[in-house]
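Before any comments, here is the structure.
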Amino acid sequence: MMAVAAFMATVSANAQFEKGTWSLQPYMGGVISSVTNVDNFDIDDGIELKKRMTVGYIIGGEAEYQFAKKFSIAAGVNYTSQGCGWKDIDYWEGPVKVEVKDQSDILGYIKIPIVANYYIFKGFAFKAGVQFGFLVTSKFYAHGKADMDVLGDGVNRRVDLYGTVDMKDQYKKFDFSIPIGVSYQFKVPIVIDARYQLGLTRLNKETFPGVKNSKNSVFTLTVGYKFAL
C-alpha cells in the first residue's frame, strides 16, 4: 500500500467531481485496531496478559454526491476485520512448559459510514460523520507450543497447539462510531483515504476485572478507484 502511495505521489492531483454529480468508489485496505478500557491482568498465578494492537482488513465502497464546489456527502457499506491482540506468554503447567502466541480477538463488522467531505484544496478533503456497525462474527484465535510427554515414554516432545473459540455471545451486536479522516484524490482517479473510527458504544456485554466498558478504536488506510455515475 505504501508503494502504491509513493507511486501515485508522482501523479498530479485532480479536482473533485463537479457540483451536482454522483460518483462511486470501491476500495480496500488495511486496519490497525485495539479496544479501550482493557487493563493488563493476571489470568493465573501471576501470568499477565498484556494488550496489543492487531492488524486486519477492510473492503467496501461508497457513493458520493457533490452538492457544492467544496462540499459533498458520501454513504457506503464495508466489511471490516478488527479487534484486539494479546502479547505472547509462556508458563509451566506442572511439568509441562506452554508457550502461547498470536492471541487475538477478531471481530467482523458490516459497517455503514455516512460522512461529510470538505475539500480544503484541490483533491484533498477532510471528512467526518457517523458510522453504524453490525457484528457478524467474533472469534478468539491462539497458537501455542507445549513440551509434553505425548507418547507416555517419559520424554517431552514439542507439540503445536491451535485454538479457535467463538466469542460472538460475549459482544454486543451493534456498534456506533465517529469516523474522522482525510483523503487525497489523484488524477487517475485513485483515492487514498485514512480514517480513525472512535467507538462510542460499549463493546462487551458484561464487565469483569480487567475488562470494563471497552470500546473499539480503529484506524483504516484504503485505496479506492473513483468514477462518475
Residue list for segment 18-64, restricted to those being at pLDDT below 90, within 24 Å of D193 (Cα to Cα) and open to solvent by less than 40 Å² (accessible area, probe 1.4 Å) = V35
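Going by the structure shown, is V136 of a type in the set (V, I, T), modelled with pLDDT under 95 and open to solvent by 40 Å² or more (accessible area, probe 1.4 Å)?
Criteria not met by V136.
For segment 198-221, which residues satisfy the criterion of being under 15 Å from G29 (Cβ atoms) and open to solvent by less than 10 Å² (accessible area, probe 1.4 Å)? Break it down into steps so the answer makes sense when it comes.
Just the residues of segment 198-221 that are under 15 Å from G29 (Cβ atoms), to begin with: 218-221.
Correct list: V218, T220.
The values are calculated or read from the model by the stated rules, or taken from the named source; none is laboratory data. Just so you know, these numbers come straight off a predicted model, no measurement behind them. Reconstructed Cβ throughout: ideal geometry from the backbone, glycine too, with neighbour counts over all protein chains shown. The protein model used for the area step is the full one, side chains on, heavy atoms only, and it has no ligands, DNA or RNA in it. Shrake-Rupley method; radii C 1.70, N 1.55, O 1.52, S 1.80 Å.
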